[in-house]
Every structure is written in C-alpha cells, then in structure tokens.
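Presented below is the structure to which this report refers.
The values are calculated or read from the model by the stated rules, or taken from the named source; none is laboratory data. No experiment lies behind these values; they were computed from the predicted model shown. Because the Cβ atoms are built from the backbone with ideal geometry, glycine has one as well, and the counts that use them run over all protein chains shown.
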Amino acid sequence: MSDHQVTVTVNGVEYEREVEARKLLIHFVRDDLDLTGSHIGCDTGNCGACSMIVNGTLVKSCMMLAVQADGATVETVEGLAEGDELTPLQQSFSEHHALQCGYCTPGMLISATALLRANPSPSEEEIRKALQGNICRCTGYWNIFEAVKAVAK
C-alpha cells in the first residue's frame, strides 16, 4: 500500500500527515492525531460512537477513509467545548444524567450538535430521528433525549 499526504483541519488545528490509503478516518484521528474522544464501536457504521462532523456534515468516521478527508474541516467531541467551558449541550447531558459508561456519549453529543446547528428548535420526533443512528447500551435513551430536548430552543 502506498501512503498519501493529507492535510486536515481538526478542531481548528491543521495537520499534515502521510496515511495509508486504507486507513479509516476514525483510526487516523485516534492513532495519528491522539484525539481519542471519538470511539470505535463497530467499524460498520451501525453504532455511531465514531461520529464526527466533516465539512459541516455528520459522518460516521468508521465509514470514511482518511484520504477522503484531505482538505476537510473535521470536528470531534474534543472540539465542542471552548477551553474548560462545557457547551450547553454537554452541560445538559451532565444535568440529565445522559451518560453512564460514556462510550456512546461522544457520538451522541456530535449527532445532537449537528442536529441543533441545522435546526435549533427540533421537534421531539426530529430529535429521535437525529439520534437513531447512535446505539447506547446503558441509559435506555430517555435521559439522552431529555438532555437534547432541554437545550433545543
């Protein structure tokens, strides 16, 4: 396999790296950039633990090659907070006990962030639809749903 040069802006920082053509974006971000907030849950696009925002679009980074992100702007869960300040959504997850083991939390936060950016006042049905691509094995979803609902305008 030959390596390819990629330039990616992740959470506002530009990175240039050589990557194998077959390397997935999730592995590039976690292994090459040491940003381990996004999780690997399935490598099949089913669980949403690896969700990221690429050029403003929600993607499952286990379904995207790093070379496909060349020139892109990528947002991971590490880029949501500004300094030590949690976003209102992150604070709501804490207040509504919308996490237990925390494994799905980064993907849920990214998916909800993408929803709220596109639609600051989503209906309950729109919230459910936005989160349906993320699997949580601990909370039964109710607290996650309530946390997102509380932040919606």
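Quick look at the numbers
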item: Boolean, Ser121 is polar (S, T, N, Q), within 17 Å of Ala147 (Cα to Cα) and in contact with a strand residue (DSSP E or B) (Cβ under 9 Å, 6 or more places away or on another chain); result: no
item: Region 63-91, residues that are out of contact with any helix residue (DSSP H, G or I) (no Cβ under 8 Å at 6 or more places or on another chain) and closer than 10 Å to Asn11 by Cα; result: Thr73, Glu78, Gly79
item: Residue within region 77-85 that is hydrophobic (A, V, I, L, M, F, W, C), over 26 Å from Val148 (Cβ atoms) and modelled with pLDDT of 95 or more present; result: no
item: Some residue of region 82-97 being assigned to a loop (DSSP other than H, G, I, E, B) and in contact (Cβ under 8 Å) with a residue 60 or more places away in the chain; result: no
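Rundown of residues vs (1) assigned by TED's automatic domain parsing to the domain that holds Ala118; (2) under 12 Å from the mean Cα position of the chain (by Cα); (3) surrounded by 15 or more Cβ atoms within 10 Å (Cβ to Cβ); (4) within 24 Å of Ile135 (Cβ to Cβ), yes/no style:
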position	(1), (2), (3), (4)
His27	no, no, yes, yes
Gly41	no, no, yes, yes
Ala72	no, no, yes, no
Phe93	yes, no, yes, yes
